[in-house]
Every structure is written in structure tokens, then in C-alpha cells.
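Just below is one structure, and these are the notes that go with it.
All of the numbers you see were taken from the coordinates with simple rules; none came from a lab. Small disclaimer: the values here were computed from a predicted structure and weren't measured. Note that we place each Cβ from the backbone using ideal geometry, even for glycine, and neighbour counts take in every protein chain shown.
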């Protein structure tokens, strides 16, 4: 099993259907996410501290808690270039979305 996280130093455009975002993995502990417009424009980055757990070759659990308390859990599959997100906003129920990832830088 290859445990090295392939995202570090790269940007990925993610399409969840309900919304699009760009993930920029600065390091194994720092990431930004930015909203993507329908025209491909990238909005302001939101920095977060992440934790990464390898699951199997090219599959990783990536988690973080945002400053307002929202928790986010991603299952990122770099072999299939798919992603599942589980988001729990403060005081609201969990919701889950799945989508595709494309490396852009």
C-alpha cells in the first residue's frame, strides 16, 4: 500500500453537483477550499487545518473542523478521482454529497 498523500502541492476542482469547489493542498496539515463559479472563476480561499488518514492505496480520509464549528469529512479516491463529503453544520443534521475531482495544478 502506498501511504503517501498525492494531493500535497496540487489543486483539484471538485464538482458535487449542488456546488463546486477548488481544494488546494498546501501540506499534509494545511488546505484551502475556494468556491468555483459556473464560469470556472475561483473565489476567495478558506484556510483549514486538516488531518489525513490513508485507507488503502490512493484512498484517503481527509477531515477538518471549521472555525464556526462545522465538521467536514472527505473520502478522497485518487485512483477513481471521486470524492464523498460528509458535512455537519452546527446544530443541523449531517448531509452527504459525492462528486468528481480533477487535478488543475
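Data overview
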read-out: Residue selected from the range 38-50 under the condition part of a loop (DSSP other than H, G, I, E, B) and farther than 16 Å from residue 100 by Cα, by the criterion farthest from the chain's Cα centre (by Cα); value: 39
read-out: Residue count for the range 16-25, restricted to those that are crowded, with 16+ Cβ neighbours inside 10 Å and either touching a helix residue (DSSP H, G or I) at 6+ places or on another chain (Cβ under 8 Å) or farther than 15 Å from residue 75 by Cβ (or both); value: 5
read-out: Residues that are surrounded by fewer than 14 Cβ atoms within 10 Å (Cβ to Cβ) and at positive phi, drawn from the range 57-105; value: 69, 91
read-out: Test for residue 5: is it in contact (Cβ under 8 Å) with a residue 40 or more places away in the chain, within 17 Å of residue 82 (Cα to Cα), surrounded by 13 or more Cβ atoms within 10 Å (Cβ to Cβ) and over 11 Å from the mean Cα position of the chain (by Cα); value: yes
read-out: Checklist (1) under 23 Å from residue 95 (Cβ atoms); (2) under 13 Å from the mean Cα position of the chain (by Cα); (3) without any contact (Cβ under 8 Å) to a residue 24 or more places away in the chain applied to residue 29, failing item; value: (1)
